[in-house]
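Nothing in this text is a laboratory measurement; each read-out follows from the coordinates by a stated rule. Quick caveat, the model's predicted, so the values are computed rather than measured. Reconstructed Cβ throughout: ideal geometry from the backbone, glycine too, with neighbour counts over all protein chains shown.
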Amino acid sequence: MPEIRFQIQWPDGSQETCYSPSLIVKDYFAPNQDYDLDDFVARSRTALKIASDRVQVKYGKPCGLALGQLQEIEAKSAQYQSGQYKELPPLKVRFVQFIESSESIF
């Protein structure tokens, strides 16, 4: 399966490289685009669950890496939805770029 990594920038300016076992994320995100935090999480949830389901169809079990990535995104976003960021204007996540890989772990 073609896998892909993608780079995002959180509302505080920190960046993270994320993983998907499927190119489906290209249907949900565009490079250099800002997304409201809730929208980013919802798109990530949909795309990464579809990616995991595709792995399950092909290999008989869901993709732990995709589901783990989703958990990381959800946990990090929860930090911004409380505490010091709670009173700020709508928080944005910048989708920086796709990082295509010629190798696959599957």
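Couple of notes before you dig in:
- Think of the range 4-100 as having a plus end and a minus end, set by charges on the Cβ of Lys, Arg, Asp and Glu; of I50, V96, F6, I50 sits farthest toward the positive end of this dipole.
- Crossing angle, helix 64-80 versus the chain [Cα axis fit, 0-90 degrees, rounded to tens]: 0
- MRE, 222 nm, helices only [DSSP H, n ≥ 4, -39500 (n - 2.57), over the chain, to nearest 500]: -13000 deg cm²/dmol
- Alpha-carbon geometry of the range 4-100: the Rg and the Dmax are 13.4, 45 Å, given in that order.
- V57 paired with D36, simple spin-label distance in nm, labels 7 Å along Cα-to-beta-carbon: 3.1
- The long axis of helix 37-59 is offset from the longest Cα principal axis of the chain by roughly 10 degrees.
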